[in-house]
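The structure appears right after this line, and notes come after that.
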Amino acid sequence: MCNSKSLIKSALSLFLILITVLISCDHKDSNIASLNWFDKTDIYMGGELGDSTTYWKNGKAISLDKKGMFANAVTVSGKDTYLAGFIAIKDSLTNNSIARAVYSKNGNIVFLTDGRTAAVATAIAVLGTDVYVAGYEYNGDKNNAEPVHSQKSIAKYWKNGIPVVLTDGHANASATAIAVKGTDVYVAGYEKDEISVARYWKNGKQTVLKIDSNLSNGANYSEAYSIFIAGNDVYIAGTECGLAAYWKNGIPVLLAPKKSLNQSGTDNESSKATSIAVSGQDVHVAGIQDTLASLFHTVKYWKNGKATTLSKKPLDAKTNAFLALNGHDVYITCTLADPAFNYQTIVWKNTAPSIFSKETMRVTSIFVADKSH
């Protein structure tokens, strides 16, 4: 006969086996490689893996390290993959590196600037055979005696390599996002004199984005990070007065209401909306929220203003959150790390998380499309 100790040990062993199976199943399901996402969908992601620049198609890394390019954005048109970013070129006279704005088509690099001053490409859009790239370039000349701090960044975009200047250089400015519809070119960004002010340009004509009149905390700055065109409506995601917001045709919609300063027991929070897309009547926004006291950053998703927190402690967001739509599906990605700096990049599909990578990578963009044949 089995004694009571043997029965207890057997029951405990069975319990531990059951727990192990459950954990294993959960881990398997949470890994993107175990899912069937790529059966009908192509997922492209740009980013940095270790010290090398990389983009991924359906989880397979394609390194650009030999080309020395850092990719800030990725898009796809037909069977062609485009990346926008910069290449740091070492100057033979000064031995200093200077960034040159570039884009690539299927790995072939196109330089947008000549390297006289630093420049960076931040976003890219393709319509037909035309390639549009947004970014900024500093004024001045590296060969002049003027101090570097006196140079200003000028917002601009390039159409097929031809620059279109958006700001006059009296203050630092950046073009952060670009969208094209028909013959109209929309660019979002900001200009910073004493404070940053969000704006967008349609065919070069500027519109300054309004600040919500209810926000009167003295920090009336704003920045724009993402743009989406739906019909005749222009949607822009960003931050106003340190809070996540988007603008529809220039009218602000606050996503993260500011907590009362006299509310006891809570930390003041700041947030930003970093990516936006629209499908039908639904407005989808991804962003980052941080608690100022702890400097802890969480990934947020808003659908028609309703917030969902996607990440939890101890994971801390190390990049912006990036969003893409494909049909009725919403994809959001971000790179996070725990307190021991163990990195993982997560992709949420319709708010369900899956681990894309546990390598030390930093994601910079995502693009999703139906499977190409």
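The values are calculated or read from the model by the stated rules, or taken from the named source; none is laboratory data. Since the structure is predicted, the reported quantities are computational estimates derived from the model, not experimental observations. Please note: Cβ atoms are built from the backbone with ideal geometry, for glycine as well, and neighbour counts cover all protein chains shown. Accessible surface is based on the protein model in full, side chains and every heavy atom, while ligands, DNA and RNA are left aside. Shrake-Rupley method; radii C 1.70, N 1.55, O 1.52, S 1.80 Å.
Observations on the structure shown:
- Here K272 clears all of (1) open to solvent by 30 Å² or more (accessible area, probe 1.4 Å); (2) modelled with pLDDT under 95; (3) under 16 Å from the mean Cα position of the chain (by Cα) except the condition numbered (2).
- Residue in segment 282-296 that is farthest from Y221 (Cα to Cα), counting only those that are out of contact with any His (no Cβ under 7 Å at 6 or more places or on another chain) and modelled with pLDDT of 95 or more: D282
- Test: residue in segment 70-79 that is at pLDDT below 60, loosely packed, with under 11 Cβ neighbours inside 10 Å and of a type outside the set (V, I, T): no
- If the condition is being in contact with a helix residue (DSSP H, G or I) (Cβ under 9 Å, 6 or more places away or on another chain) and within 15 Å of F38 (Cα to Cα), then segment 332-359 contributes V347, K349, S354, I355, F356.
- When residues in segment 100-118 are screened for being open to solvent by 20 Å² or more (accessible area, probe 1.4 Å) and in a strand (DSSP E or B), 7 of them pass.
- Selection of segment 119-140 for residues being surrounded by 24 or more Cβ atoms within 10 Å (Cβ to Cβ) and small (G, A, S) yields A119, A121, A123, A125, A134, G135.
- Extreme residue, nearest to K318 (Cα to Cα), among residues of segment 336-356 that are free of Cβ contacts under 8 Å to residues at least 60 places away in the same chain and part of a strand (DSSP E or B): L336
- Number of the exception - E240 against (1) open to solvent by less than 30 Å² (accessible area, probe 1.4 Å); (2) among the acidic types (D, E); (3) at pLDDT 95 or above: (3)
- Complete set of residues in segment 149-177 that are open to solvent by 20 Å² or more (accessible area, probe 1.4 Å), β-branched (V, I, T) and touching a strand residue (DSSP E or B) at 6+ places or on another chain (Cβ under 6 Å): I154, V164, V165, T176
- D316 meets each of the listed conditions (1) under 16 Å from the mean Cα position of the chain (by Cα); (2) acidic (D, E); (3) under 24 Å from V278 (Cα atoms) apart from (3).
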